[in-house]
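The values are calculated or read from the model by the stated rules, or taken from the named source; none is laboratory data. Computed from a predicted model, the values in this text were never measured in an experiment. Reconstructed Cβ throughout: ideal geometry from the backbone, glycine too, with neighbour counts over all protein chains shown. Quick note on the areas: whole protein, heavy atoms, side chains included, nothing else; ligands and nucleic acids left out. Shrake-Rupley method; radii C 1.70, N 1.55, O 1.52, S 1.80 Å.
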Amino acid sequence: MRPDIDNLFKGIIDSLFQSKVNQVLDGIETDKNGNPIHDEFGNDIPHFKQRIDDSRVVHTEMLKLKATEESPEGFTLIVRNLGLEAIS
């Protein structure tokens, strides 16, 4: 069974925004009461936040074409970084 194009796209976007290059240290993990959470060795577990979140995805175009012998199934992803000044 072939995956739906929207699920492929979501996986790509999630991987871009959740990759290590987009994560910054933001303290330590805590439980719902604000108490630090520790790993099995008693060390604090670091908490990370996204430097840029996926709310910056402002435009998408998807076209799913049937694969042929000459053209295998696939997709192309173009990422453009729009600064706040470019969004109006």
Report in % the part of the accessible area of region 4-47 that belongs to carbon and sulfur, leaving out ligands and nucleic acids; probe 1.4 Å. 55 percent
Could you tell me the calculated FRET efficiency between MET62 and ASN22, based on Cβ-Cβ distance and R0 = 22 angstrom, to the nearest 0.05? 0.45
In terms of modelled amide H atoms, which long-range or inter-chain residues lie less than 5 Å from the amide H of PHE48? ASP26
Full-extension gain between GLU70 and HIS38, please, as 0.36 nm times their residue separation minus the C-alpha to C-alpha distance. 6.2 nm
Looking at GLY42, ILE13, LEU25, which one has the Cα that reaches farthest to the positive end of the dipole of region 1-65 (charges on Cβ: Lys, Arg +1; Asp, Glu -1)? ILE13
Here, SER15 and PHE48, labelled 7 Å along Cα→Cβ, have an inter-label distance in nm of 1.6 nm
May I ask for the equivalent-ellipsoid semi-axes of region 1-62, computed as the square root of five times each C-alpha gyration tensor eigenvalue and listed largest first in whole Å? 32, 15, 10
